[in-house]
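Worksheet: one structure, shown below.
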Amino acid sequence: MAVFCLAAMLVACSPRPAAQFAPPDPAASVERIYVATELDLDDLGRQFGQKRPSGLKFLHVDVSIPPTHTPGKVEWPEGPPDAATDFVMTGSHVYRGSGDMLGAMRRRSPGNETLVFVHGYNNTFSDAVYRFAQMRADFGSDEPGLVYSWPSAGDPRGYAYDRDSVLYSRDDFKRVLDALTKTGNDRVLLLAHSMGAQLVMETLRQAALSGDRALLNRINGVVLMSPDIDTDVFRAQAAAIGELPQPFLIFVSQQDRALSLAGLLTGRKPRLGTLKDPTLLQGIEGVRVIDFTALGDGEGLNHATAVTSPAAISVLKGLIAQAASGDEAFDDYMVLDADP
């Protein structure tokens, strides 16, 4: 534990990269990322120790992906930002409200489904937006994509702060989902990473307990990636929700070092994202687990292997294509091989 605390302090004192604007490069691709956030738009950095902001804001950011991009990687600038080699922002716009944003979104992409990404612990606004842009570029997503940027401390010392921020953000996140599914035809697909999975599950639980099955029925699927949730808590949440949105996928890895540390911080209880025994989820209908243990992410923590490992991205894209063609792609419990 002392080693963890020392490492956290060292990381906390190191400079944190932030998204920067730069002129576009004609060879780069651009991902438009819509954002809903409580954050003060004039203070998008670390929130550690600060009063949590209130009131939702809606905007979009155009993120340029360099032509030299390597799948799974976010190429942060090492000097002045350059769209030829780095992730950069090339444009942004703040909307008057959710309706204004949704109208712009539908005019640009006429489909009725929105992919919603909920980031995890120790993420700044810049971290979340760039990571989601990387995911969309690597997987070739074409539906509109929105980041829900909740007030994470953006600091490794802020684990407890972030757990409280998740509880603080439940009502606002439900308001965002309500706005995105306002009409009967609108649908959302939820992708949550790490502690963001706790926020998603708590919000779905809240909807179920309030009798809002209409919202739950407009969720076209849930993916919990490396979920930082106690397994007992997840079972209780799932029981309260009842019929889970489908498909419902959980990405796990027993090599997830970040979740191993989280387990130490939470009473030596293994987290859902390091699940070894799928029978622990027995009786929860509709849950499918994909084990990425054999596929390291190349970044050392193995905490987002599904979207940071080129091998995992390739395998997952194949499974998604198979599912899109109408074939059964996902078993109840799948162990992915490093050499398929």
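No lab work stands behind these numbers, since they all come straight from the coordinates. Note that the coordinates shown come from a computational prediction; the quantities given were computed from them, not determined experimentally. Note that each Cβ is placed from the backbone with ideal geometry, even for glycine, and that neighbours are counted across all protein chains shown.
Things worth noting here:
- For His193, net neighbour charge (Lys/Arg +1, Asp/Glu -1) across residues whose Cβ lies under 10 Å away: 0
- Counting only DSSP beta bridges whose two residues both lie in region 28-335, roughly 35 percent are antiparallel.
- Under 14 Å from Lys174, Cα to Cα: aspartates and glutamates that are on another chain or at least 8 residues apart: Glu38, Glu202, Asp212
- For the pair Gln20 and Ser141, a Förster radius of 22 Å applied to the C-beta separation gives a FRET efficiency near 0.40, rounded to the nearest 0.05.
- Helices in the chain, meaning DSSP H runs of at least 4 residues, each add -39500 (n - 2.57). Divided by all residues, the mean residue ellipticity at 222 nm is -11000 deg cm²/dmol.
- The calculated FRET efficiency for the pair Thr70 and Asp164, based on their C-beta separation and a Förster distance of 25 Å, comes to about 0.10.
- Classified by the C-alpha gyration tensor, region 105-226 has an oblate form. Its axis ratio a/c, with a ≥ b ≥ c, is 1.5 or above, and a/b does not exceed b/c.
- Expressed as a fraction of 2.2 N^0.38 Å, the C-alpha radius of gyration for the chain is 0.94.
- Leading residue at positive end of dipole, region 28-335 (Cβ point charges), from Leu56, Val88, Pro144: Leu56
- Positive-end residue, region 28-335 charge dipole about Cα centroid, Cβ charges, pick of Leu244, Leu316, Ala192: Leu244
- Local electrostatic count at Pro278 - Lys and Arg +1, Asp and Glu -1, tallied over other residues with Cβ under 9 Å: -2
- Calculated FRET efficiency for the pair Arg257/Asp337, C-beta based, R₀ 22 Å, to 0.05: 0.55
- Rounded if a/c under 1.5, otherwise prolate or oblate - region 205-340, Cα gyration tensor axes: oblate
- Candidates per trypsin sites (Lys or Arg not before Pro) in region 236-296, loop by DSSP, up to 12 other Cβ within 10 Å: Arg268, Lys276
- Using the Cβ of Ala240 as centre and a radius below 11 Å, the other residues enclosed give a net charge of +1, where K and R count +1 and D and E count -1.
- Each Lys and Arg Cβ is given +1 and each Asp and Glu Cβ -1; about its Cα centre, the chain then shows a dipole of about 860 debye.
- DSSP beta bridge pairing in region 125-272, given as percent antiparallel to the nearest 5: 10
- For the peptides 303-312, 138-147, 211-220, residues were scored by their other Cβ atoms within 10 Å and the scores averaged per peptide; the highest-first order is 303-312, 138-147, 211-220.
- Bridging of Lys73 to aspartates and glutamates at a Cα separation below 14 Å is possible for Asp86, Asp127, Asp138, Asp297, Glu299, once same-chain residues fewer than 8 apart are set aside.
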